[in-house]
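Novice: Provided herewith is a single structure, encoded as structure tokens, for subsequent inquiry.
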Amino acid sequence: MSIEARYVELHPGSRALYQRAAAVLPSGVTHDSRYLRPFPIYAERAEGPYKWDVDGHRYIDYVVGHGALLLGHHHPAVTAAAAAQLTRGTHYGASHEHEIAWAEEVVRLVPAAEVVRFTSSGTEATLMALRLARAATGRPAVIKFERHFHGWHDYVVPASSYAGRVPPGIPAATLDSVLVLPPNLEAVEAAFAERTDIGAVIVEAAGASSGQLPLPRGFLQGLRDISARHGAVFIMDEVVTGFRWAPGGVHELEGVRPDLVTLAKVLAGGFPGGAVAGRRDILEYLQFPGGGPRTEKVGHPGTFNANPLSAAAGVACLREIADGTHQQRAAALAAALREGMNRILTDLAIPGIVYGQSSAFRVHLVGDAPPGPRDSDGRDLAHTLLETPMPPELARLLQLALLNRGVQLFGTGGMLSSAHTDDDIAATLDAWQAALIELREEGCIPPA
Ligand SMILES: Cc1ncc(COP(=O)(O)O)c(C=O)c1O
């Protein structure tokens, strides 16, 4: 039986729900990355590193709430804080103490955070960061990098991981204010030499798509220096990496000081939430009554900003992850997983690599193997990875083959939580080996 036929046979409940969904939701999904042919699995409950689908299958979960669940599903401390808040109200429409405690935790943990403004998502955080940068500099243009993902608002869609340079639905004037550059410092210098209207540089802290294409060494510090020299605001997007790579994110690890940092995901412990944090003089453009020297106050409403439920969960989560133990555990498990997956690729003589930083991993299978060390963080491979992308059909069938064996990837990789165990790694490696052999039998991977 083919991989896909087996998937259909194993998941009748998910299939039925997908048919229902397709009538009322475009493509049946609510997030582009959840789209999967012939249909995605439908989850029913989750705990620790696992989720269960409507057909009763258990999965080792490497989506972990799109990276939000560093502690795994409903960690007791986070659940207790949220449950206690639930009985006291989910929306006061008023200021409350949790939002102050939440901001205090951010300022305590994140080196660049002098002050904080909460939003409801990472997308809103990058939107606000760009608006603040434009207000503070009086310059409308922004630099972003090829394939870097910062959410889905108009200014960051061009050349993001899921869209081309001219995505539909975005006005030309908006696109004109966004310069998309390759991640090299010469290109950035050249852009500043050519234009005087660049007010911000935004970069994904771990490289495009949560580290799928890692940045060259020294790139972040180089951007920091060039931005400062030209009076532009340097924004590090740490929506994924913040609190996960280290309690203070990549900029703590690398000792680079951005002007603004954007946060979400782990920030709110699995609830909706985001934040822009950074230099007081820039965030003061949000301040009443007048804003900064160059403009009126920057406006910022938002019904669910720092809502009590997200704030309570966020405080509990940030206190739990503050000493770095959870990050270290998740990263050590991810390193063991990457190493084991690479060992199996070698044993089966399959060209490809599993790489990644911190608690993330990324699978890259191609016809001809990129050279380089097996357990690389991927920095040395960025060019090769770009030149020889993984065939989409192979990526799809790999996901199905692993789902058939109780493992859910996030796209072609995933992230770990501190709730994952050594047994989960061993079980994943067994599933990986069996899936690769099956893919080879289906002719998607060349014979040994
Ligand atoms: C680096 C980065 N920035 C911004 C976002 C957008 O965050 P959200 O999905 O909360 O809007 C994401 C989401 O995955 C992200 O990975």
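Novice: Take the stretch 74-108 and flag every residue that is under 22 Å from the mean Cα position of the chain (by Cα) and buried (at least 21 other Cβ atoms within 10 Å of the Cβ).
Specialist: Residues satisfying the conditions are HIS75, VAL78, TRP102, ALA103, GLU105, VAL106.
Novice: Let me confirm something: among PHE234, PHE271, which residue is in contact with a Leu (Cβ under 8 Å, 6 or more places away or on another chain), farther than 18 Å from GLU105 by Cα and assigned by TED's automatic domain parsing to the domain that holds ALA190?
Specialist: PHE234
Novice: Next question. Could you say whether any residue in the stretch 45-59 is in contact with a Lys or Arg (Cβ under 9 Å, 6 or more places away or on another chain), within 23 Å of ARG362 (Cβ to Cβ), modelled with pLDDT of 95 or more and in a loop (DSSP other than H, G, I, E, B)?
Specialist: Taking every residue of the stretch 45-59 in turn, none turns out to be in contact with a Lys or Arg (Cβ under 9 Å, 6 or more places away or on another chain), within 23 Å of ARG362 (Cβ to Cβ), modelled with pLDDT of 95 or more and in a loop (DSSP other than H, G, I, E, B).
Novice: Please give the number of the condition VAL298 fails out of (1) over 30 Å from PRO76 (Cβ atoms); (2) surrounded by 23 or more Cβ atoms within 10 Å (Cβ to Cβ).
Specialist: Answer for VAL298: the failing condition is (2).
Novice: Next question, about the same structure. Against the definition (of a type in the set (Lys, Arg) and touching a residue at least 60 places away in the same chain (Cβ under 8 Å)), how does ARG229 come out, yes or no?
Specialist: no
Novice: A further question follows. Taking ALA206, is it farther than 21 Å from LEU127 by Cβ and either hydrophobic (A, V, I, L, M, F, W, C) or within 16 Å of the ligand (Cβ to nearest atom) (or both)?
Specialist: The answer is no for ALA206.
Novice: Residue by residue through the stretch 9-52, note down the ones that are over 18 Å from LEU409 (Cα atoms) and either surrounded by 16 or more Cβ atoms within 10 Å (Cβ to Cβ) or in contact with a Gly (Cβ under 9 Å, 6 or more places away or on another chain) (or both).
Specialist: Those that are over 18 Å from LEU409 (Cα atoms) and either surrounded by 16 or more Cβ atoms within 10 Å (Cβ to Cβ) or in contact with a Gly (Cβ under 9 Å, 6 or more places away or on another chain) (or both): GLY13, ARG15, LEU17, TYR18, GLN19, ARG20, ALA21, ALA22, GLY28.
A quick yes/no check of all residues on (1) among the aliphatic types (A, V, I, L, M); (2) surrounded by 23 or more Cβ atoms within 10 Å (Cβ to Cβ):
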| position | (1), (2) |
| --- | --- |
| GLU204 | no, yes |
| ARG224 | no, no |
| ALA228 | yes, no |
| ILE235 | yes, yes |
| VAL240 | yes, yes |
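Novice: Tell me, please, whether a residue that is closer than 27 Å to LYS265 by Cβ, touching an Asp or Glu at 6+ places or on another chain (Cβ under 9 Å) and away from the ligand (no atom under 16 Å from the Cβ) can be found in the stretch 147-161.
Specialist: Checked against the condition, which is being closer than 27 Å to LYS265 by Cβ, touching an Asp or Glu at 6+ places or on another chain (Cβ under 9 Å) and away from the ligand (no atom under 16 Å from the Cβ), the stretch 147-161 yields no hits at all.
Every residue, every condition in (1) in the same structural domain as HIS153 (by TED's automatic domain parsing); (2) within 22 Å of GLY299 (Cβ to Cβ); (3) within 16 Å of the ligand (Cβ to nearest atom); (4) not in a loop (DSSP other than H, G, I, E, B), yes or no:
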{"site": "ALA84", "(1), (2), (3), (4)": "yes, no, no, yes"}
{"site": "ARG88", "(1), (2), (3), (4)": "yes, no, no, no"}
{"site": "HIS91", "(1), (2), (3), (4)": "yes, yes, no, no"}
{"site": "VAL107", "(1), (2), (3), (4)": "yes, no, no, yes"}
{"site": "PRO111", "(1), (2), (3), (4)": "yes, no, no, no"}
{"site": "ARG117", "(1), (2), (3), (4)": "yes, yes, yes, yes"}
{"site": "GLU124", "(1), (2), (3), (4)": "yes, yes, yes, yes"}
{"site": "MET128", "(1), (2), (3), (4)": "yes, yes, yes, yes"}
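Novice: If the Cβ limit is 9 Å and pairs must be 6+ apart or interchain, which residue in the stretch 72-100 that is at pLDDT below 95 pairs with which residue that is part of a loop (DSSP other than H, G, I, E, B)?
Specialist: Between residues of the stretch 72-100 that are at pLDDT below 95 and residues that are part of a loop (DSSP other than H, G, I, E, B), the close pairs are HIS74/GLY270.
Novice: For the stretch 311-320, check the following and say yes or no: at least one residue is modelled with pLDDT of 95 or more, in contact with a strand residue (DSSP E or B) (Cβ under 6 Å, 6 or more places away or on another chain) and outside the structural domain of GLU387 (by TED's automatic domain parsing).
Specialist: no
Novice: Turning to a different aspect of this structure: Out of all the residues in the stretch 242-272, which are near the ligand (Cβ under 9 Å from one of its atoms) and under 12 Å from VAL203 (Cα atoms)?
Specialist: Listed by number, the list holds a single entry, THR262.
Novice: For the stretch 329-345, indicate whether the set of residues that are assigned to a loop (DSSP other than H, G, I, E, B), at pLDDT 95 or above and surrounded by fewer than 24 Cβ atoms within 10 Å (Cβ to Cβ) is non-empty.
Specialist: no
Novice: While we're on this one: Restrict the check to the stretch 186-202 and report whether at least one residue is within 25 Å of the chain's Cα centre (by Cα), within 14 Å of the ligand (Cβ to nearest atom) and either farther than 23 Å from ARG131 by Cα or touching a residue at least 12 places away in the same chain (Cβ under 8 Å) (or both).
Specialist: yes
The values are calculated or read from the model by the stated rules, or taken from the named source; none is laboratory data. Note that this is a predicted model, so its numbers are computed, not measured. Note that each Cβ is placed from the backbone with ideal geometry, even for glycine, and that neighbours are counted across all protein chains shown.
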